[in-house]
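Here the structure comes first, spelled out in structure tokens, and everything after it is commentary.
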Amino acid sequence: MQQVKGVRHVTESQLPDWTDKKMSTKVRTALWLATEVGEGNVYTKAQLREAFPNVAQIDRRVRELRDYGWVIATNRDDPGLSSHEARFVQAGDPVWQPGARSRAMRVPQALVPLRSASLDRVREVRILQEVRRAPDVEVVWERLRDLSQAEKSLVLAWIAMGRRPSSPAELAWGAFRSLSERQRHEVAAKLGELVSSELYEELPTAEGHGDDS
């Protein structure tokens, strides 16, 4: 029995049937991604439209899943993708569950950099996957050789540790995702106030506008 990655350790047999037209298109697209595509895999726009024929703006339904924590990369996020491809990176909230559908919220602008960090990680994972598939050790060596001195030192530190540690932003995002909906709203509001106050403090003060006469 195949386990669906990223959807809280459930198996495909435990998920609703994505072809059930009694469910909303958004829910069906999430289930299609989870069961037919799978995390980390690439799908084409043609495959998406074939799975949902006669559904207007099916691409928009997929994009709406981002409001629920689903990460879907396009060629703007992952240069390795063509314009007609997308990569299902990570599943978010199980939108097919009634309680989860109301948890979507608009992410404040202060939290937008966190999504950028996630997409940077997508590019990094793709590069690492290419390296792991490389049959020739020289390919790996060439990539390491072309790094800057600082990057070489960083990779050496990762090799010594046997792992790549998460960045502070990634750790903070993971902790934020573990909160309840009410707690997320509270923390997001506090973070927005903090960022606003810090930006305000950095604004230049008006000087030299007095009357010289």
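The values are calculated or read from the model by the stated rules, or taken from the named source; none is laboratory data. Because the structure is a prediction, the values reported are computed rather than measured. As a convention, Cβ positions derive from the backbone with ideal geometry for all residues, glycine included, and neighbour counts pool all protein chains shown. Surface accessibility is based on the protein's heavy atoms, side chains included, excluding ligands, DNA and RNA. Shrake-Rupley method; radii C 1.70, N 1.55, O 1.52, S 1.80 Å.
A few comments on the model shown:
- Selection count where residues are over 24 Å from W173 (Cα atoms) and open to solvent by less than 30 Å² (accessible area, probe 1.4 Å), scope the stretch 52-100: 3
- Residue that is modelled with the highest pLDDT, among those in the stretch 152-192 that are among the acidic types (D, E) and out of contact with any helix residue (DSSP H, G or I) (no Cβ under 9 Å at 6 or more places or on another chain): E186
- Restricting attention to the stretch 167-195 and to residues that are within 30 Å of R145 (Cα to Cα), open to solvent by less than 60 Å² (accessible area, probe 1.4 Å) and not acidic (D, E), the residue that is nearest to the chain's Cα centre (by Cα) turns out to be A169.
- Scanning the stretch 1-51 for residues that are within 21 Å of the chain's Cα centre (by Cα), open to solvent by 30 Å² or more (accessible area, probe 1.4 Å) and modelled with pLDDT under 75 gives Q3, K5, G6, R8, H9, V10.
- Criterion: in a helix (DSSP H, G or I) and not aromatic (F, W, Y) - qualifying residue of E50, E39: E50
- Enumeration of residues in the stretch 53-96 that are in a strand (DSSP E or B), within 18 Å of R177 (Cα to Cα) and of a type in the set (A, V, I, L, M): V71, I72, V89
- Residue within the stretch 128-150 that is outside any helix (DSSP H, G or I), hydrophobic (A, V, I, L, M, F, W, C), at pLDDT 70 or above and within 25 Å of W70 (Cβ to Cβ) present: no
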